[in-house]
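Student: Got a structure for you, questions after.
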Amino acid sequence: MMRRRAMRRRGPGLVGTMARTAVIAGTATAVHRGMSGAMDSRAQAQQQEAAAQEAAFQSQQDVQALQNQMAAMQAQQAQAAFAAQAPPAAPGNDLMAQLQQLSQLHESGALNDDEFAAAKAKLLAG
């Protein structure tokens with residue numbers, strides 16, 4: 001007669017292994033979701049802070065642009081007021097200034113003798 005050997009189980013068995021794996025997977029999923037949520041909230045906070053800083057920077061640029069425009073308009077108004085107060089230029093002074101410019105161009109060599117004479121005649125005739 002042969003003896004039958006009784007088989008003993010070594011370890012928790014198939015059902016026990018599956019149960020342990022399910023618990024570990026569930027725990028890992030819960031931890032992952034928790035960490036992911038924490039990371040997402042930090043990232044959103046950083047994005048909101050960056051957007052607020054960008055908006056503040058843009059506001060400062062807008063204010064600076066408006067100040068520059070105002071300064072330019074004030075300068076134009078000041079020039080207009082000064083021009084209104086200044087006495088009109090005498091026509092003779094303008095002609096003399098143009099003749100002096102022609103003379104300087106002729107002396108520097110930018111105009112030759114014929115060009116200088118033609119420009120001078122045109123100024124005196126006009």
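Every number in this text was worked out from the coordinates using simple rules, so none of it is lab data. For clarity, every value in this text was computed on a predicted model and none was experimentally measured. Counting neighbours? That spans all protein chains shown, and the Cβs are built from the backbone with ideal geometry, glycine included.
Student: Can you give the calculated 222 nm mean residue ellipticity of the chain, where each DSSP H run of n ≥ 4 adds -39,500 (n - 2.57) and the sum is split over every residue, rounded to the nearest 500 deg cm²/dmol?
Tutor: The per-residue figure over the chain is -30000 deg cm²/dmol.
Student: May I ask you to evaluate 6.51 cos²θ - 1.76 cosθ + 1.60, the Karplus curve with θ = phi - 60°, for each residue of region 120-126 and list the ³J(HN,Hα) values in order in whole Hz, giving x for glycine and proline?
Tutor: Running phi through 6.51 cos²θ - 1.76 cosθ + 1.60 with θ = phi - 60° gives 5, 5, 5, 5, 5, 7, x Hz.
Student: A follow-up question, please. Roughly how big is the chain's charge dipole about its Cα centre, with Cβ charges of +1 (Lys, Arg) and -1 (Asp, Glu), in debye to the nearest 20?
Tutor: In total the dipole reaches around 3300 debye.
Student: So, one more: Stretch Gln69-Phe82 to full length: gain in nm at 0.36 nm per residue minus the Cα-Cα span?
Tutor: Full-extension gain reported as 2.7 nm.
Student: Among Ala71, Ala56, Ala22, which one moves the most in a GNM of the chain with springs linking Cα atoms closer than 10 Å?
Tutor: Ala22
Student: Considering only Gln46, Gln58, Gln104, give the residue with the highest GNM mean-square fluctuation for the chain, with springs between Cα atoms whenever their separation is below 10 Å.
Tutor: Gln104
Student: Take Ala110 and Ala30, extend 7 Å from each Cα along the Cα→Cβ direction, and tell me the distance between the two endpoints in nm.
Tutor: Those two pseudo-labels are separated by 8.9 nm.
Student: Can you give me the long-range amide H partners of Leu111? Hydrogens built in the peptide plane at 1.01 Å from N, cutoff under 5 Å, separation of 5 or more residues or another chain.
Tutor: His106
Student: Along each principal axis of its Cα atoms, how long is the chain end to end? Whole angstroms, biggest number first, please.
Tutor: 148, 40, 19
Student: If I stretch the segment between Ser103 and Ala55 completely, what's the gain in nm (0.36 nm per residue apart, minus their alpha carbon distance), one decimal?
Tutor: 11.4 nm
Student: First measure r as the distance between the Cβ atoms of Gln46 and Ala22, then evaluate 1/(1 + (r/R0)^6) with R0 = 41 Å and state the FRET efficiency to the nearest 0.05.
Tutor: So, using R0 = 41 Å, E works out to roughly 0.70.
Student: Taking springs between alpha-carbon atoms closer than 10 angstrom, which of Ser103, Ser36, Ser59 fluctuates most in the Gaussian network model of the chain?
Tutor: Comparing Ser103, Ser36, Ser59 in a Gaussian network model of the chain, the most mobile one is Ser103.
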